[in-house]
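Everything below concerns the one structure shown next.
Values in this text are rule-based calculations from the coordinates and carry no lab data. These figures come from a predicted structure and were not determined experimentally. Here the Cβ is made from the backbone with ideal geometry for all residues, glycine too, and neighbour counts use every protein chain on show.
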Amino acid sequence: MAVADSSVRKHSQDVDTAQRLWAEVLDQLSLQVNRQGFDTWLAPTRVRALRSDSLEVEVPNSFFAEWIGQHYLNDIRAALRNTAGKDLTVSFYPRDLADAAALQRQISLTRPVVSTEGRKLQIRYTFDNFIVGESTRLACAAARSVAESLGRTYNPLFIYGGVGLGKTHLIQAIGNQALRVHRSIRIHYTAAEALFLELIQAIEKNTRLEFKRRYRGLNLLLLDDIHYLIGKERLQEEIFHIFNHLHDAGSQIVFTSDRPPKDIPTLESRLISRLGSGLVVDIQPPELETRIAILKQKAGLDNRDLPDEVAYYIAARVRSNVRELEGCLIRLTALASLSDRPVTVELAEEAMRDLVATEVPIDKETIIETTADEFGVPTPDIKGGRRTKQLALARQVAMYLLRRKLNLSLKEIGFCFGGRDHTTVMHAIDKVERLKTEDVSFSARLKKLSAGISRG
Ligand code: ADP
Ligand code: MG
């Protein structure tokens, strides 16, 4: 036994030394490498083992290994020489490969409850595949902590942010990670819309009890896009009961939404007493460096090569929505393989011509001015306080477009119009959404206006 004990002790000492060494190296690198670069690429690394002449470092996925190797290897070697006092070889080990295999095994073992619509957790939506930038740091840290210790840190966790910024990715990453960490738990991911349909069916078929039971036995409920509940009192009621039950039982609940809880008034008033133990975090559009990293990593996941200058070209032009960023990449790689040409800036320019070459010239002013023109009102009036019917509608449309095209926060939008309150902005956006579905000619007009702005 003594032998085993001492070898265990020796092993943990080695791990300690390795961790201290790597922490020291990272400290040095953080002074040399620019902040965003450090946060994006180096901060997510972990040391795996230290041997007599080599160091093994774990990175989130193979693309990180490649990128760090190309851009930071010399800095790392120098910092290691400084710290360890000798030259060590460094090798990088992608975490995701081992994880994906383990996860796949576990998913088939634990059979997570899958919604009736057949929605599943996507294996790709993991924390390792989620590039963390300034604008997502807090949300991502909270999500991780929730996945690790279900029901014991932030409950509920409420994540909100604009379209295409990674809410679904994050909430599913929680599910994937929870499955990996905790054995045999019952989790359920669903979008509010699917839940709504499920409830309607349950009411029609008189199976509401089963519906409730299905949800009440969960350890983790992931409810995506709950802004869909606005105006659906019955569903809110039902969800609130499920929520209360789960919360009392110590089960974890995570919500996502395109707006903060206080902008979903009826839900908020009910959740409010419970939000005391919860956390509300937002995600904002990513910064340039993060956008480049996302592009390179998505290309890497598909085993495609994306030259730096091409990644930069795209990332500089698509700023407000990660889904669109991905869309450009898909279009570009499709064009490259269909026309059998290499991926170059020129090709990217061609691929993006109708899409976003366009996003560059769009700024707040362009949107406001173009909208004012379309409604035949002077720009200063649309920004000012006067209220005629025509002005009010033009203003609401401009607010809507600022939200959809630039993903500005409600507060920022209010600011463009003489400091209007964010609830005014929210009502404006909701009203335009409603008109769009109810009024065909309005919808056509909005489409034309929106396309005109995109062409810059
Ligand atoms: P939302 O639910 O907020 O509309 P999604 O989660 O569907 O957005 O994200 C849209 C796409 O962008 C997904 O393919 C997702 O993987 C990707 N994505 C968004 N943010 C990131 C990020 N920080 N790192 C990597 N991929 C991201
Ligand atoms: Mg989503």
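The table below lists the values:
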read-out	value
Under the span-like rule (Cα at least 15 Å along the axis, Kyte-Doolittle mean at least 1.0), DSSP H helices of the chain	192-204
Which listed pairs, of Lys212/Lys262; Lys296/Lys447; Lys86/Lys298; Lys167/Lys436; Lys383/Lys436, have C-alpha distances above 30 Å, in listed order	Lys296/Lys447; Lys86/Lys298
Geometric extent, Cα atoms of region 288-351 - Rg, Dmax (angstrom)	10.4, 30
Rotationally averaged projected area of the chain (alpha carbon convex hull; nm²)	27.3
Set of aspartates and glutamates near Lys448 by C-alpha distance (under 16 Å), chain-local residues within fewer than 8 positions excluded	Asp354, Glu369, Asp373, Glu374, Glu433, Asp439
Extreme residue, positive dipole direction of the chain, given options Gly133, His227, Ser269 (C-beta unit charges)	Ser269
Summed side-chain charge close to Pro342 - residues other than Pro342 whose Cβ falls under 12 Å, Lys, Arg +1, Asp, Glu -1	-1
Per-residue HN-Hα couplings for region 412-417 [Karplus 6.51, -1.76, 1.60; θ = phi - 60°; Hz; x = Gly/Pro]	4, 5, x, 5, 5, 10
Scattering profile of region 241-371 at q = 0.11, 0.12, 0.22 Å⁻¹ [log10 I(q)/I(0), Debye over alpha-carbon scatterers]	-0.60, -0.66, -1.21
222 nm mean residue ellipticity, helices alone, for the chain (DSSP H n ≥ 4; -39,500 (n - 2.57); rounded to 500)	-18500 deg cm²/dmol
Mean-position separation - Cα centroids, region 133-178 and region 396-417, in angstrom	25
Hydrodynamic radius of region 370-444 per Kirkwood, over alpha carbon pairs, in Å	12.3
Whole-number percent relative contact order across the chain, with pairs defined as alpha carbons under 8 Å at least 6 apart	12
Local electrostatic count, Arg48, Cβ distance below 10 Å [Lys/Arg +1, Asp/Glu -1]	0
Mean separation of Cα contacts under 8 Å (6+ apart) over length of region 119-283, as relative contact order %	35
Region 288-351, relative contact order [Cα under 8 Å, separation at least 6], %	33
The chain, dipole about Cα centre (Lys/Arg Cβ +1, Asp/Glu Cβ -1), debye to the nearest 20	1280
Built amide H within the under 5 Å cut-off of Arg186, gap 5+	Asn219, Leu220
